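Novice: Pasting in a structure now, in structure tokens, and then I'll have a few things to ask.
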Amino acid sequence: MSSRVEYGWRATLRELFTYKSAILGIAILAFLVALSVYAVVTIPYDQAVKLWRGSENVWINNPRNALPEWWEWFAGKKLPRTLVLDSRVTGFGVSKAVTPVVGTDMKLVTINYIIDYNYDDFPSEVNIFFSARYQKNPPLVKLVVQKPGGEEIEFPRFSLRAPNDSLYYSISKDVLSTLVSYYASKHGGVNVSDRLTSIELTFGRASREGLESGALEVEKGMYRVRIDAVCFGEDSDLDARIVVYGKVHGPAGTDNLRRPLEIALLWGAPVALAFGLTASLLTTVLQMVIATIGAWYGGVIDDIIQRLTEVYMILPFLPFLIMISAFYKIDIWVILAVVIVLSIFGGGIKSTRALVLSIKEYPYIEAAKVYGASNARIIFLYIIPKILPPLVPGLISAVPGFVFLEAALSFLGLGDPFLPTWGKVLNDAFNAGALYRGYFYWVLEPAALLMLTAFAFAFLGFALDRVVNPRLREM
Amino acid sequence: MGEDNVLLRVENLKMWHAMRRGLFGGVVYVRAVDGVTFSLAPGEAVSVVGESGSGKTTLGKTILRLHEPTDGKLIFKGRDITHTPEKELMWFKRETGLVQQDPYGAMPSFMTIYRILEEPLIIHKVGTKEERSEMIFKALEEVRLTPVEDFAFKYPHMLSGGQLQRVAIARALILKPSLVVADEPVSMLDASVRVEILTLMRELQEKRGISFIYITHDLSTTRYFSEWIFIMYAGHIVERARTKALLQNPLHPYTRALLAAIPDPDPENRKRFREVPPGEPPSLVNPPPGCRFAPRCPYATERCRREEPPEFEVEPDHFVKCWLYVGAR
Amino acid sequence: MSTALSVRNLRLYFSTRKGVVKAVDNASFDLRKGETLAIVGESGCGKSSLARALIRLLPRNVHTYSGEVLLDGVDVMKLSEEMFRRSVRWRKISMVFQGAQNSLNPVLKVGFQVAEPLMIHFGVSKEEALAEAKRYLRLVGIHESFADRYPFELSGGMKQRAVIAMALITHPEIVILDEPTSALDVITQANIINLLKRLQSEMGLSYIFITHDIALTSELADRVAVMYAGEIVEISDAEEFYRRPRHPYAEKLMASVPTLRTDKKLEFIPGTPPSLINPPPGCRFAPRCPYAFERCLRESPPPYEYKTGSFVRCWLYHEGKR
């Protein structure tokens, strides 16, 4: 009984879809491809690099180390989002009034912010960014904070030190001492716990017990922040932007440089896929050609290739890569090239060679020689198309290896320093001690995406292997 | 086999395969073809009959220059092609064709039938694309694979063994060769299909006047196919004769044993034993001196075991390599 | 004439990705003691599946395995796997497989392999089994010194003899021979057939001889069964069959086999056998049969007993057209 185990492309695809693992793999891959396309389309490469490299000022309006927004479901409470109110932007909650002082060149600038705070947790940070215009003398600024319970806290006046000065409210020692003394006097000699931060004192319900124990609840309601400033000079002006930083941001959170992780996670997808697929594809194709030529011609050529392969297989791959990247400045393309060069004479050559050696003896090769096909023609038109299908599952299954390789290099700090990739995110997280500090999402998100990619290719590769390799089928 | 009109002349052809004997042994040779001589006229069909290991397949492949002969001469259309390098043999490859035993193995599984038939034409730069298309469809018609448009764009796995052998025949004939070697072309096919394929080959051979070398182990098929039969044993042609003559009057003891061993469908067969010589063919690595059939031959003499017999022409067009006929020319 | 084996309505279907393959579809026949029944057919007709069904060596994807197989009055189909293994397989029925020379274990000595069935099925000690193995090797024409050799040291014909010894060592009643000589040259084949003839008369064996080679069947067959597309389409006595096969397929098959000694016009059968997954309604050979008429395409003919013990599945005989 002749068992015809070879099928055309369409039949192979049809058979592939009968395997649930293949469908799952393809679904995940489709998702990753969609992610990649979205990433590349919405944030072009140059912009992505610039954004990721960007200094603090690019992301200044983002909270540091914020959790992803969906974490709310697990936390069970409403976590604060970032609120930005800018006097230059007309809108709800901000108002600005400029009153010139008659008879002088001074102006009184009053900016009022209304913050309706309804979250179950404190903000992570509060900053006020000033933008002033003046000739000689900088404006004199007074800050007043009014809490929903009616408490009004006045802060001592200060002069701006530069046209673009900032008040880092949450870490300022002056602010803290003002708050502490306010509450100390208000509650008559209470010993304010030194665990309490400016944020807690500002946004918390300051009861006597709370102040002493150092545990305050969030006070929800309307907060008013007023900036009274005196500007000097005809053309002087003052604008201010208050940022009440939340604890969550975006679908993926932020890192310690306030960068939204979703950019790196999004951009990591096309990089991972492109790198993995390109490396795997080029390596497989080159190995295939080399193995076929060696196996076909035999003799000295085959011997040289085999010995070369054996030496290559003994060489330690990763240390080489580490050495190269330690000594030379590298980017992702160089990494790709080096990885391919170091993989060409790998173990795949031995198995492909065995395959070619057996195909060499097939009758149709003999027939081709009889009607005059040249060696080159036989290699490229008769042998390679035959060995291609068995190599495809291996090609697919090798992709995760290369993806992890790139991630490992980035993680070790040896990868492309500017490209936002998943490995780079892990590297940043590691360097910032993310797990120590409880920023688990920073590590889990890229790791999960890496594993998802690996699963997708692994499922697809296994299913393809069973389709292409008839012996693994259940017949 | 007139000497004047000769397509192929084989003179004392030898084909020895080198084989490594273990790690420390030297090289030993398997003497697959060990001194074969004959001529083939244009349009003549010859059956080469032998068991596995007789060297018949190697003979066919060597004649097609798939191997370079170890010794002897191979002369085709008057030109000595024994040691010609492959690059200079394109003209010869255009003149020859091969039909192989395994129909599925003989076709590249990833090419359509059309493409498979186009390959020889492309390689030898025959015709334009349209002309080639015509030739391919004609070839399919000739081997009765109709409707041709249907078959042309199928893949090998979609065809049965018999149909694929027709494709193989079409492929072998598409360059209009003058010599075709068919190596066990029907032994992998079902019994009812064999006749069809053999008949087709015979028709085409006669119509186009192609010389055929039909290699087989099944003596019963030869009478329907060829004018001559060569019997091969252990690398030698032990008997050569016209088909009828050989089947009616077998001379060599091996030929006789072969004929005695083959059953026809006859209910009387089960009631008696067949008289056949015991043993098996000798190793081709160290063949015995003298006649290679001697160890099994019921008529072997001392001389048979010592000296290899030459070929004797016992009657016109009937040659035997056996000391029993030393009286003849 | 007592019956060694009686098979009724044997069915063996396989589940595959493409559907259910009806490899053996309702086979019925008798094997008489001491005689040879040849089962002849082309590739894919189900004859090898029939052999495996009889000795119950089945793959995993069996869909249907049913019928009645009476051996010494016992329906062995009803036996459990364990009972079958202990009492039937290699005790009453043994088998010589297709390509048997390649199924010898290359790393075990020949004598040991021939002795194994005794050790496994009868619990005989190793020394006794080896002694018996040597006796059987002699019986099949191999010098007993070969018992200590490995399979690669034996020629093709000798390996085939060794496998036959292995099948006989437990002294079965019935031996199934599936293409026992297919890879051997003609002279060796004749030698092996001679051996099989001798053993049959010496040991009183009944053979089921499966092959595609019609001429070869005449060397052993007392009765011939022809299989086509999973069905047995004819069972006839040897005298009748080789001279005048009844079923159109058998007739055409006989006409397509070249003969050495008689001059005859060869015919061939156009078309191909049907798929075993969805066989056509009606007679399976009808699409290719030159004598087919309307009923043949509609209804599948039941067996017609034209003589005691001889059957043909063909409407031509039911309707007296022949």
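Novice: Just the residues that are part of a strand (DSSP E or B) and either in contact with a Leu (Cβ under 9 Å, 6 or more places away or on another chain) or within 14 Å of chain A (Cβ to nearest Cβ) (or both), please, taken from segment C:48-82.
Specialist: Going through segment C:48-82, the residues part of a strand (DSSP E or B) turn out to be C:62-71, C:74-75.
Across segment C:48-82, the qualifying residues are C:Val62, C:His63, C:Thr64, C:Tyr65, C:Ser66, C:Gly67, C:Glu68, C:Val69, C:Leu70, C:Leu71.
Novice: Out of everything in segment C:197-213 that is touching a Ser or Thr at 6+ places or on another chain (Cβ under 9 Å) and either assigned to a helix (DSSP H, G or I) or among the polar types (S, T, N, Q) (or both), what residue ends up being farthest from the other protein chains (Cβ to nearest Cβ)?
Specialist: It comes out as C:Ser206.
Novice: In segment C:134-142, is there at least one residue being over 26 Å from the mean Cα position of the chain (by Cα), surrounded by 14 or more Cβ atoms within 10 Å (Cβ to Cβ), modelled with pLDDT of 90 or more and not hydroxyl-bearing (Ser, Thr, Tyr)?
Specialist: Taking segment C:134-142 first, the residues over 26 Å from the mean Cα position of the chain (by Cα) are C:134-135.
Now restrict to residues that are surrounded by 14 or more Cβ atoms within 10 Å (Cβ to Cβ): C:134.
Still in the running and modelled with pLDDT of 90 or more: C:134.
Now restrict to residues that are not hydroxyl-bearing (Ser, Thr, Tyr): C:134.
For segment C:134-142, residues over 26 Å from the mean Cα position of the chain (by Cα), surrounded by 14 or more Cβ atoms within 10 Å (Cβ to Cβ), modelled with pLDDT of 90 or more and not hydroxyl-bearing (Ser, Thr, Tyr): present.
Novice: For segment B:157-167, does any single residue satisfy the condition of being β-branched (Val, Ile, Thr) and crowded, with 23+ Cβ neighbours inside 10 Å?
Specialist: Kept after step one, since they are β-branched (Val, Ile, Thr), are these residues of segment B:157-167: B:167.
Then keep just the ones that are crowded, with 23+ Cβ neighbours inside 10 Å; that gives B:167.
For segment B:157-167, residues β-branched (Val, Ile, Thr) and crowded, with 23+ Cβ neighbours inside 10 Å: present.
Novice: Anything in segment A:64-84 that is aliphatic (A, V, I, L, M) and farther than 18 Å from A:Glu125 by Cβ? List them, or say none. Can you show your working first?
Specialist: Applying the first criterion (aliphatic (A, V, I, L, M)) to segment A:64-84 yields A:66-67, A:75, A:79, A:83-84.
The one that is aliphatic (A, V, I, L, M) and farther than 18 Å from A:Glu125 by Cβ: A:Ala75.
Novice: Filter segment C:16-28 down to the residues that are on the phi < 0 side of the Ramachandran plot and surrounded by fewer than 16 Cβ atoms within 10 Å (Cβ to Cβ) and list them by number.
Specialist: Here is the first cut: in segment C:16-28, the residues on the phi < 0 side of the Ramachandran plot are C:16-18, C:20-25, C:27-28.
Selection gives C:Thr16, C:Arg17, C:Lys18, C:Val20.
Novice: Helices (runs of 4 or more DSSP H) wholly in segment A:222-328 with at least 3 residues that are touching a Phe, Trp or Tyr at 6+ places or on another chain (Cβ under 7 Å), at pLDDT 90 or above and under 30 Å from A:Asn431 (Cβ atoms) - which ones?
Specialist: Numbers: elements: A:261-297, A:299-314, A:317-327.
Output list reads A:261-297.
Novice: Filter segment C:121-131 down to residues that are under 19 Å from C:Arg89 (Cα atoms) and either in contact (Cβ under 8 Å) with a residue 12 or more places away in the chain or acidic (Asp, Glu) (or both), then give me how many there are. So that I can check it myself, show each step before the final result.
Specialist: The initial filter retains those residues of segment C:121-131 that are under 19 Å from C:Arg89 (Cα atoms), namely C:121-124, C:129.
Checking the rest, the ones that are also either in contact (Cβ under 8 Å) with a residue 12 or more places away in the chain or acidic (Asp, Glu) (or both) come to C:121-122, C:129.
Of the residues in that region, 3 qualify.
Novice: Hey, A:Ala373 hits all of (1) at pLDDT below 85; (2) in a loop (DSSP other than H, G, I, E, B); (3) surrounded by 16 or more Cβ atoms within 10 Å (Cβ to Cβ) but one; which does it fall short on?
Specialist: Result: A:Ala373 fails condition (1) only.
Novice: Anything in segment C:301-317 that is in contact with a helix residue (DSSP H, G or I) (Cβ under 9 Å, 6 or more places away or on another chain) and either without any contact (Cβ under 8 Å) to a residue 60 or more places away in the chain or surrounded by fewer than 18 Cβ atoms within 10 Å (Cβ to Cβ) (or both)? List them, or say none. Write out each step before concluding.
Specialist: Our first condition is that a residue be in contact with a helix residue (DSSP H, G or I) (Cβ under 9 Å, 6 or more places away or on another chain); within segment C:301-317, this holds for C:301-302, C:304, C:306-307, C:310, C:312, C:314-316.
Across segment C:301-317, the qualifying residues are C:Pro301, C:Pro302, C:Tyr304, C:Tyr306, C:Lys307, C:Trp315.
Novice: Another question, then. In segment B:147-220, which helices (runs of 4 or more DSSP H) lie fully inside it and hold 1 or more residues that are within 13 Å of chain C (Cβ to nearest Cβ)? Explain how you work it out, then say what you get.
Specialist: Working: elements: B:148-152, B:161-173, B:191-208.
Output list reads B:161-173, B:191-208.
Novice: In the list C:Thr188, C:Thr217, which residue meets the criterion of being in contact with a strand residue (DSSP E or B) (Cβ under 7 Å, 6 or more places away or on another chain), within 10 Å of another protein chain (Cβ to nearest Cβ) and crowded, with 24+ Cβ neighbours inside 10 Å? Write out each step before concluding.
Specialist: On the way: C:Thr188 fails: in contact with a strand residue (DSSP E or B) (Cβ under 7 Å, 6 or more places away or on another chain).
After ruling out the rest, the residue left standing is C:Thr217.
Novice: Output the residues belonging to segment A:442-457 that are in contact with a Pro (Cβ under 6 Å, 6 or more places away or on another chain) and farther than 26 Å from A:Thr254 by Cα. Spell out how you get there, then give the answer.
Specialist: So the first thing to find is which residues in segment A:442-457 are in contact with a Pro (Cβ under 6 Å, 6 or more places away or on another chain), and the list is A:454, A:457.
If the condition is that a residue be in contact with a Pro (Cβ under 6 Å, 6 or more places away or on another chain) and farther than 26 Å from A:Thr254 by Cα, then A:Phe457 is the only one that fits.
Novice: Pull out all pairs, ordered by first then second residue, where Cβ-Cβ is under 6 Å, the residues are six or more apart or on different chains, the first lies in segment B:49-77 and is touching a residue at least 60 places away in the same chain (Cβ under 8 Å), and the second is part of a helix (DSSP H, G or I).
Specialist: Note: pairs meeting the criteria are B:Val49/B:Leu219; B:Gly50/B:Lys56; B:Leu64/A:Val370.
Novice: Sticking with this structure for a sec: Here are some conditions: (1) in a strand (DSSP E or B); (2) at pLDDT 90 or above. A:Pro156 meets all but one. Which one does it not meet?
Specialist: (1)
Novice: Would you call B:Ser39 free of Cβ contacts under 8 Å to residues at least 60 places away in the same chain, surrounded by fewer than 21 Cβ atoms within 10 Å (Cβ to Cβ) and touching an Asp or Glu at 6+ places or on another chain (Cβ under 6 Å)? I'd like the intermediate steps shown before the answer.
Specialist: Details: free of Cβ contacts under 8 Å to residues at least 60 places away in the same chain: yes; surrounded by fewer than 21 Cβ atoms within 10 Å (Cβ to Cβ): yes; touching an Asp or Glu at 6+ places or on another chain (Cβ under 6 Å): no.
In short, no.
Novice: Which condition does C:Cys45 not pass, out of (1) assigned by TED's automatic domain parsing to the domain that holds C:Ile235; (2) within 30 Å of C:Ala129 (Cβ to Cβ); (3) part of a loop (DSSP other than H, G, I, E, B), if it passes all the others?
Specialist: (2)
The values are calculated or read from the model by the stated rules, or taken from the named source; none is laboratory data. For clarity, every value in this text was computed on a predicted model and none was experimentally measured. No Cβ is skipped: glycine too gets one built from the backbone with ideal geometry, and neighbour counts run over all protein chains shown.
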